[in-house]
Structure formats: C-alpha cells, structure tokens
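Only one structure is covered here, and it is reproduced in the block below.
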Amino acid sequence: MRRIFLGPILLLLFCPAVQGATYYVSPAGSDANSGMDATHSWASPNHALNCGDTILAAAGNYNAYNFTTGKWGKVNCPAANNVAWLKCATFDSCKISSNATSGMWIDNNNWGVQGWEITTTGGGYSAGITVAPNYTTPVNIHRIIVANNVIDGAMAGGITQSNRGSASVDYVAFVGNVVYHSSQSGSLCYSGFGFYEPLNSDNLPGTHLYVDQWFTWANVEPSPCAGYVNGWDGNGLSLDSINGRQTGLSPSYSGQIVVRNGISVFNGNSGIVNSGSGNTRAPIYIHNNTLANNGRDINSANNPCGDLTLSFAPYVQAYSNLIQTSAPPGCSHPEYAVRIDNSTASTLVYDNWLYSAAGLNIAAFNNSEFTAGPNNITAESPQLRNPVMPPAPNCAGKANVIDCMSGVIASFASLSGAATGYGYQVPSTAATQTPDPLFPQWLCNVNLPSGLITMHCTAH
C-alpha cells in the first residue's frame with residue numbers, strides 16, 4: 001500500500017471551465033488586425049484577453065520575436081483560476097525555430113500554451129519555453145500552463161521556470177510535454193525541465209507547481225557549461241534552489257510541488273534532481289516516475305551518479321517510482337538508483353522499485369537522520385521492455401503528446417507484473433476520477449487538452 005504523508009489539505013470546489021471568445025494568429029498576421037477571424041489574424045499574443053479566451057494559431061512557421069518577453073497581453077481573470085490559451089489549431093503543426101532567443105518567453109499572468117513544436121539553435125540563453133517575469137520591468141507572475149508541446153532541441157533548458165531579479169513565478173503546470181536534446185548551450189548550465197527559485201504569490205495549501213505526463217531524454221551539456229566542471233545539470237528535470245538562496249530571493253518558497261508520471265532517460269546527470277541551494281520549506285512529492293540509464297555526461301567532474309538525486313532536500317517524499325540504473329560513461333562506478341546528500345529525517349524514500357545490478361540502490365552522504373524505506377524493492381530487475389535511447393521525437397500526424405510517445409512508453413514499461421503500480425502511469429480516460437489531494441484544483445477550471453492527464457477534480 002502506498003502511503004502519502006500529507007500536511008494540511010484544502011480541496012477546493014470548482015466550477016466548469018469557461019468557454020470564452022476565439023481569436024486568431026498566423027505567421028502572416030499583424031497585430032494591427034482585429035484578430036477576430038483567420039483572414040484578420042494577429043502576429044502575437046500581445047492583446048488584452050479574458051480567462052477562457054483562446055488564440056487559435058494556424059499551422060506554419062512562426063517568428064520567435066512575436067512570442068518573447070513583452071509580447072504577452074494582460075489576461076483579465078478576477079478569480080485567478082483560469083487561463084487564456086495560445087493553442088495550435090492542429091497539434092505539432094505550429095513551429096518556432098529560433099537562433100537567438102527562447103522560442104517563447106511567457107511573462108504575464110494566466111496564460112496557457114498548447115500544441116507547439118519549438119527548436120532553438122543559437123543564443124546561449126535560448127530555452128524552448130521560458131516562464132519568467134518581464135525582462136525589463138520584472139514583477140511577480142502566476143498561473144501559467146504549458147501543455148502538449150514538443151521541444152525538439154534547445155540551447156538552454158527545454159521548458160523552464162525562473163526568477164528575474166527579485167521577481168519570480170508561482171502556480172505553474174507543465175503537463176503532457178516532450179523535451180529532447182536540450183541544454184546544449186555553454187553559456188550557463190541547464191536541464192530538460194526546470195524550476196528555479198519560484199516565489200509564493202500566496203500561502204494557500206494545495207499544489208502550486210505541478211509536472212505530469214512528461215517525457216525527456218538526451219539532455220547532455222557541452223564541455224564544460226559556463227566553465228563549470230562540477231555542475232549537477234543536464235538533468236531530465238531539475239528542482240533548483242527552491243529556497244531562493246542561490247540569488248538571495250526571499251522569503252523561501254513554501255508552495256507544494258508535485259512531479260509525477262514522467263519518463264526521464266539517458267540524460268547527462270540525474271533523471272530528477274533537487275539540488276542547488278536546496279529546499280527549506282516546500283513540501284515536494286515525487287512519485288510514479290520511470291528513470292533509467294541516466295548519468296551520460298562524460299565531461300562533469302562531479303557527476304552525482306544518481307538517477308534520482310536529492311541534495312539539501314528536506315520535506316521531499318519519493319515513492320512509487322521505478323528506477324533502473326546502468327553503468328553510465330559519466331561515472332567512475334555504476335549509477336546509484338537514489339542518491340541522498342545533506343538531507344534530514346523529513347526526506348522520505350519509500351515504496352519504490354529501485355534496481356542496480358551492482359547493488360548501488362540507495363547512497364546516503366552526510367545524512368545522520370535519514371533512513372530509507374519502508375518497502376523499497378531493491379533485489380529484482382523490473383525487466384524494462386526495451387530500455388534504449390529513444391530517437392528524436394516525430395509527432396506529425398499524432399493526436400497529442402501521449403499518442404506521440406506511445407513507443408517510448410512501451411519501451412520503458414516493465415515486463416514484471418509485480419511492477420504494475422510503480423513508475424510511469426498512462427492517463428486515465430474514465431469520466432469520474434477519485435479525489436487526489438496532490439492534484440492542483442486550480443487546473444479544474446481550465447480547458448485542458450482531452451486525454452493528456454488524469455483529472456482528479458473535486459465535485460461542485
């Protein structure tokens with residue numbers, strides 16, 4: 001039985017998602033147009049909208065400068081529980097390829113982006129999708145959703161949240177996304193998915209930062225990134241300096257964070273890492289992720305050599321994960337399934353399937369209070385079906401990211417019936433779901449793409 005140790009829980013009532021007005025953008029559009037139909041389309045999302053509105057993007061190749069910082073209009077959302085969508089009309093047919101800037105830099109409240117494919121090939125700080133305050137006039141922002149997108153190569157991180165000076169971000173959901181071959185810049189050190197120094201917009205209970213149905217591989221940094229040979233980057237997903245102490249952001253973040261249902265494989269360092277200056281107050285739940293064969297960076301002199309790495313990470317619970325390690329080229333010894341550094345008794349690693357053929361299942365350093373377990377399975381291989389490096393994603397003609405990733409899902413599924421409840425779980429299509437205290441109820445007011453994640457919404 002999986003046990004989740006929860007603090008105070010607030011299950012919010014929700015109202016049905018609101019259907020708003022529809023506007024249009026296209027590669028040939030102009031912001032001087034009305035945006036009211038496809039023949040009078042806009043060029044950018046830099047327009048005042050209401051929650052529930054949708055900007056429908058025509059298929060084609062777009063200019064990243066129309067989606068950078070300063071190009072996102074104000075969304076009127078009095079209840080702060082919904083978004084305006086920038087949605088590609090046909091999944092994976094709206095393309096951005098940038099050689100200088102991030103593909104998108106979302107810098108205003110209550111926006112959602114879905115259905116795009118983005119590549120960045122130049123610019124040392126060019127992420128696929130950046131969620132951060134405005135570059136020139138940074139103020140705190142909140143409630144951003146990045147859903148059903150493909151990042152097919154990026155110089156910086158694939159999909160990232162970060163601060164800008166003393167301003168940062170709260171309430172962010174990355175759901176149903178693919179990040180492949182990011183972190184290619186030598187300017188700074190990055191990972192596939194990343195949260196860096198968020199800042200509370202309120203102190204309400206419930207999940208603030210949420211990652212679900214995420215797929216990432218081949219995020220390996222150049223040698224060395226930003227001159228650092230001891231960095232712990234090039235990860236599948238990074239929770240970096242959640243307490244804000246790396247740049248002095250204050251107060252320390254306390255919002256609940258959930259990372260689940262991911263497949264993170266063949267990355268430079270860890271499949272998932274909580275590191276940097278660490279975590280001080282935020283409850284973090286990491287569960288039902290499949291991590292395999294990470295630690296590929298041969299250039300890092302201090303590769304943590306853990307598929308799941310928790311460093312200065314109190315208040316973290318890791319459970320129901322499936323982790324299979326290998327003998328990666330970036331380590332002088334076989335990979336640890338889980339590595340714990342400088343944590344406390346509040347760091348909980350239990351009910352996981354952890355397999356290292358070399359027996360290096362859990363390594364704990366400088367942890368006098370940490371005790372692993374109970375109920376970790378460590379002696380039996382999960383028999384992953386075909387755990388090899390996936391090819392570059394090709395989602396053309398697919399219904400959504402889950403459809404596109406069906407081959408990757410099958411390759412990293414366990415052949416052992418005993419492992420059924422561990423690791424990545426496909427989204428349920430059932431009309432009614434059981435309540436889940438970890439599901440962010442603020443997503444229940446949003447028109448998310450159908451079949452992308454399992455919804456656990458409390459009935460009105």
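The values are calculated or read from the model by the stated rules, or taken from the named source; none is laboratory data. Just so it is clear, the structure is predicted and the values come from calculations on it, not from any experiment. Ideal geometry is used to build each Cβ from the backbone, glycine not excepted, and the neighbour counts take in all protein chains shown.
General observations
- For ASN366, the stated conditions do not hold, so it cannot be described as exposed (fewer than 14 other Cβ atoms within 10 Å of the Cβ), closer than 30 Å to ASN149 by Cβ and of a type in the set (S, T, N, Q).
- Top-ranked residue in region 398-425 [being closer than 27 Å to ALA154 by Cβ and without any contact (Cβ under 8 Å) to a residue 40 or more places away in the chain; ranked as surrounded by the most Cβ atoms within 10 Å (Cβ to Cβ)]: SER411
- Unique residue being within 23 Å of GLY262 (Cα to Cα), touching an Asp or Glu at 6+ places or on another chain (Cβ under 8 Å) and not in a loop (DSSP other than H, G, I, E, B) when the list is ILE144, ILE118: ILE118
- Applying the condition of being among the β-branched types (Val, Ile, Thr) and at pLDDT 95 or above to region 2-52 and asking which residue is farthest from GLY103 (Cα to Cα) yields THR39.
- Residues in region 155-172 that are in contact with a strand residue (DSSP E or B) (Cβ under 6 Å, 6 or more places away or on another chain), of a type outside the set (S, T, N, Q), without any contact (Cβ under 8 Å) to a residue 40 or more places away in the chain and not in a loop (DSSP other than H, G, I, E, B): ILE159, VAL169.
- Only one of the numbered conditions (1) part of a strand (DSSP E or B); (2) farther than 29 Å from ASN177 by Cα is not met by ALA345, and that is (1).
- For beta carbons closer than 9 Å, sequence separation of 6+ or different chains, a first residue in region 428-456 that is within 21 Å of ASN400 (Cα to Cα) and a second that is of a type in the set (Asp, Glu) and surrounded by 17 or more Cβ atoms within 10 Å (Cβ to Cβ), the qualifying pairs are LEU452/ASP212; ILE453/ASP212; THR454/ASP212; THR454/ASP436; HIS456/ASP436.
- Qualifying positions in region 301-340 - farther than 21 Å from GLY373 by Cβ and among the aliphatic types (A, V, I, L, M): ALA301, ALA327
- TYR135, sole failed condition from (1) outside any loop (DSSP other than H, G, I, E, B); (2) within 28 Å of ASN200 (Cβ to Cβ); (3) over 15 Å from the mean Cα position of the chain (by Cα): (1)
- Taken together, THR280, THR309 contain a single residue that is under 15 Å from ASP240 (Cα atoms) and outside any strand (DSSP E or B), which is THR280.
- Residue within region 259-266 that is assigned to a loop (DSSP other than H, G, I, E, B) and modelled with pLDDT under 95 present: no
- The set of residues from region 183-206 being surrounded by fewer than 24 Cβ atoms within 10 Å (Cβ to Cβ) and modelled with pLDDT under 90 comprises SER185, GLY186, SER187, LEU188.
- Yes/no for PHE215 being in contact with a helix residue (DSSP H, G or I) (Cβ under 8 Å, 6 or more places away or on another chain) and under 19 Å from ALA392 (Cα atoms): yes
- Taken over region 30-56, the criterion of being small (Gly, Ala, Ser) and farther than 19 Å from ILE106 by Cβ is satisfied by SER30, ALA32, SER34, ALA38, SER41.
- Residue satisfying condition, being crowded, with 21+ Cβ neighbours inside 10 Å and closer than 16 Å to GLY192 by Cβ, within set SER275, SER356: SER275
- For region 50-100, a residue qualifies if it is aliphatic (A, V, I, L, M), buried (at least 21 other Cβ atoms within 10 Å of the Cβ) and in a loop (DSSP other than H, G, I, E, B), and exactly one does: VAL83.
- Among the residues making up region 317-342, those that are crowded, with 24+ Cβ neighbours inside 10 Å and part of a strand (DSSP E or B) are ALA318, LEU322, ILE323, GLN324, TYR336, ALA337, VAL338, ILE340.
- With respect to being under 20 Å from the mean Cα position of the chain (by Cα), modelled with pLDDT of 95 or more and surrounded by 12 or more Cβ atoms within 10 Å (Cβ to Cβ), ILE453 fits the description.
- Taken as a whole, region 207-216 holds no residue that is modelled with pLDDT of 95 or more, out of contact with any Leu (no Cβ under 8 Å at 6 or more places or on another chain) and over 30 Å from PRO435 (Cβ atoms).
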